[in-house]
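*Asks:* After the structure tokens below, expect a handful of questions from me.
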Amino acid sequence: MEHVANNPADGAQAYNFAYLDEQTKRMIRRALLKAVAIPGYQVPFAGREMPMPYGWGTGGVQVTAAVIGPNDTLKVIDQGADDTTNAVSIRQFFAKTANVATTEKTAEASIIQTRHRIPEKELREDQVLVYQVPIPEPLRFLEPRETETRKMHALEEYGLMHVKLYEDIARHGHIATTYAYPVMVDDRYVMDPSPTPKFDNPKMNDMAALQLFGAGREKRIYALPPYTKVKSLDFEDHPFDVQTWEDECGMCGARDSYLDEVILDDKGNRMFVCSDTDYCTERQESGHRGPQHHDQPLGSSQSGKAAE
Amino acid sequence: MRQMNDPLLRVDNLTMMYGDRVGCKNVSFELRPGEVLGIVGESGSGKSTLLRSISAQQEPTKGIVEYQTRIDGTRDVYQMSEAQRRLLMRTDWAFVHQNPRDGLRMNVSAGANIGERLMAIGDRHYGNIRQNADNWLGKVEIASERLDDLPSTFSGGMQQRLQIARNLVTSPRLVFMDEPTGGLDVSVQARLLDLLRGLVHDLNLAVIIVTHDLAVARLLSHRLMVMQQGKVIEHGLTDQVLDDPQHPYTQLLVSSILQN
């Protein structure tokens, strides 16, 4: 057993560095290496019980714990925001157990753990993006048998994925899947990009940063190495398309970012605001203003951010 | 050069054992393109075991199943790679289950059910897939307006017809049917048989149909195989077997039907 990183001064004394014991981290790293070697392939791993419930990012936390080092700077976002419960508690978890620096600034982070969003700011080669994944199997809802879906992945039988998209168009007139929109990785594996909005799918393609996906409940890890081809599935006559908004961000006036709708009162008033809080703050600091911005202190109007 | 009269399917000495028990024993036959073979026999006589073994769903203990593929010539289906075999099963072959719920996806629309095989072989044009599904719905006598309805809203007979459409959309050459009229009432049975007979004729389908209903066998099949205790006890042209049964068991089977 190595104890190199296990200096009690580095974190809370009762815990090993970053909570998990070193053998577990090695096991997860082996799974990660395999996942990086086969982009989009779901690697089983012996997921541990974490001191938080399933659905709160236990998969992402284990991946982060396996890759984080004492010199890393961690950013955690939930629905794009740094200040929501899930993000705050995971950030505090690593601040306490690994004593690492944390940040809300995308550019300053070396590891970003995320639930649902990819930051608007372009990521770099020296950054790692860790996703929390609830259901790793994109074929699950049409084929519940795990033995069968594994076989379908092995033999590249992905027609079923299009059955889902067909059904969308038949019912809604367009592909109504807006999150967890299936992608084809490196022309080989169909992958569930976790419940990120499809707005973020194009960012996954050819991304400079390493992308790691951890599903805690189902104990699966998958990955996208830097600069991997990621293509969203579609039909020739119904091509893939991302969401657009008629409004701009009420706070910073951005028109190119993913906007959350916020209900303001019971008289039908509402506003749209960037889901990426760091992006929005940075724009406001450099002087951008949206129609609802009244130079109030930040946070008061955003604390009531729309729920998922 | 492949000839019309070369067999599409050749089964040689097929034996399926379940431990010490016989599923079916030493079955051999050939099937030519466009030919309909009926397999009849009482419950437990090995009909379904035989069908599963021929249709690559259950590897037999012994024996050979050879199929004349479109591109590769004659191949032993159990020597193919799994990928090739599965491709064959969803393109050039078709399966009609007794219970349409086994053959349909109940949670997606009729159109998606028919389109699934097309999408599985790489069709990526929504408009074309939908058009094709609509055509097939017409061929099996279901109204176009039901295209976007779930199969669970269909009657039993409609579900069975939908299952047939879903299977035939890739123009298979060989269809396996396991009691296709099993759970249907008599009038619906008659209509389905009529439809099947038309499709088999128009599309020149080769069919292996398992049934315990001699009327169904007489109506659809050219040749008949009678099974008892896992063995084929009589084999011949349908009319010949039914009108002049040789084996005592076949005689019993035929005489057990009410004659008018």
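*Asks:* Given (1) among the charged types (D, E, K, R); (2) without any contact (Cβ under 8 Å) to a residue 24 or more places away in the chain; (3) in contact with a strand residue (DSSP E or B) (Cβ under 7 Å, 6 or more places away or on another chain), where does B:Asp178 come up short, assuming only one miss?
*Replies:* Of the numbered conditions (1) among the charged types (D, E, K, R); (2) without any contact (Cβ under 8 Å) to a residue 24 or more places away in the chain; (3) in contact with a strand residue (DSSP E or B) (Cβ under 7 Å, 6 or more places away or on another chain), the odd one out for B:Asp178 is (2).
*Asks:* For B:Gln228, which of the numbered conditions (1) closer than 21 Å to B:Lys139 by Cα; (2) touching a residue at least 24 places away in the same chain (Cβ under 8 Å) fails to hold?
*Replies:* Single failed check for B:Gln228: (1).
*Asks:* Then there is this: Are any residues in segment B:9-52 surrounded by 20 or more Cβ atoms within 10 Å (Cβ to Cβ), part of a loop (DSSP other than H, G, I, E, B) and touching a Pro at 6+ places or on another chain (Cβ under 7 Å), and if so, which ones?
*Replies:* Within segment B:9-52, none qualify.
*Asks:* Scan (1) over 17 Å from A:Thr58 (Cα atoms); (2) away from chain B (no Cβ under 14 Å) for the single condition A:Thr97 breaks and write down its number.
*Replies:* For A:Thr97, the exception is condition (1).
*Asks:* Sticking with this one: Do any helices (runs of 4 or more DSSP H) lying entirely in segment B:85-142 carry at least 1 residues that are polar (S, T, N, Q) and within 24 Å of B:Val188 (Cβ to Cβ), and which ones are they?
*Replies:* The helices (runs of 4 or more DSSP H) meeting that bar are B:110-120, B:126-139.
*Asks:* Another question, then. Sort out which residues of segment B:165-190 are outside any helix (DSSP H, G or I) and among the hydrophobic types (A, V, I, L, M, F, W, C), and write them in order of number.
*Replies:* Result: B:Val169, B:Leu174, B:Val175, B:Phe176, B:Met177, B:Leu184.
*Asks:* Does segment B:119-133 hold any residues that are within 8 Å of another protein chain (Cβ to nearest Cβ) and of a type in the set (A, V, I, L, M, F, W, C), and which are they?
*Replies:* Correct list: B:Met119, B:Ala120, B:Ile121, B:Ile129.
Residue-wise test of (1) closer than 15 Å to B:Ala120 by Cβ; (2) of a type in the set (Asp, Glu); (3) crowded, with 17+ Cβ neighbours inside 10 Å; (4) within 10 Å of chain B (Cβ to nearest Cβ).
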{"site": "A:Glu137", "(1), (2), (3), (4)": "no, yes, yes, no"}
{"site": "A:Leu142", "(1), (2), (3), (4)": "yes, no, yes, yes"}
{"site": "A:Thr149", "(1), (2), (3), (4)": "yes, no, yes, no"}
{"site": "A:His153", "(1), (2), (3), (4)": "yes, no, yes, no"}
{"site": "A:Glu157", "(1), (2), (3), (4)": "yes, yes, yes, yes"}
{"site": "A:Leu160", "(1), (2), (3), (4)": "yes, no, yes, yes"}
{"site": "A:Lys164", "(1), (2), (3), (4)": "yes, no, yes, yes"}
{"site": "A:Ala180", "(1), (2), (3), (4)": "no, no, yes, no"}
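*Asks:* Also: Quick one: how many residues across segment A:261-277 are surrounded by 19 or more Cβ atoms within 10 Å (Cβ to Cβ) and out of contact with any Gly (no Cβ under 8 Å at 6 or more places or on another chain)?
*Replies:* Qualifying residue count, segment A:261-277: 0.
*Asks:* Test each condition in (1) more than 20 Å from A:Leu259 (Cβ to Cβ); (2) over 17 Å from the mean Cα position of the chain (by Cα) for A:His174 and report the one that comes out false.
*Replies:* Just one mismatch for A:His174, condition (1).
*Asks:* Can you work out which of the residues in segment B:86-108 that are within 10 Å of chain A (Cβ to nearest Cβ) and basic (Lys, Arg) is farthest from B:Leu9 (Cα to Cα)?
*Replies:* The qualifying residue farthest from B:Leu9 (Cα to Cα) is B:Arg105.
*Asks:* Also: Of all residues being without any contact (Cβ under 8 Å) to a residue 12 or more places away in the chain and closer than 21 Å to A:His238 by Cβ in segment B:134-154, which is nearest to the other protein chains (Cβ to nearest Cβ)? Just the residue, please.
*Replies:* Once the filter is applied, the top-ranked residue is B:Ser144.
*Asks:* Something else now. I'm trying to understand the selection: among the residues of segment B:234-253, which are crowded, with 19+ Cβ neighbours inside 10 Å and under 19 Å from B:Ser43 (Cβ atoms)?
*Replies:* B:Glu234, B:Thr250, B:Leu253
*Asks:* Is there a residue in segment B:94-105 that is surrounded by 15 or more Cβ atoms within 10 Å (Cβ to Cβ), touching a residue at least 12 places away in the same chain (Cβ under 8 Å) and over 17 Å from the mean Cα position of the chain (by Cα)?
*Replies:* Scanning segment B:94-105, I find at least one residue that is surrounded by 15 or more Cβ atoms within 10 Å (Cβ to Cβ), touching a residue at least 12 places away in the same chain (Cβ under 8 Å) and over 17 Å from the mean Cα position of the chain (by Cα), so the answer is yes.
*Asks:* While we're on this one: Look through B:Leu193, B:Leu162, B:Leu199 and report the one residue that is part of a helix (DSSP H, G or I) and buried (at least 22 other Cβ atoms within 10 Å of the Cβ).
*Replies:* Only one candidate qualifies: B:Leu162.
Read the figures in this text as sums done on the coordinates, not as results from a lab. Since this is a predicted model, take the numbers as computed values, not measurements. When we count neighbours, we look across all protein chains shown, and the Cβ atoms used for this are built from the backbone with ideal geometry, even at glycine.
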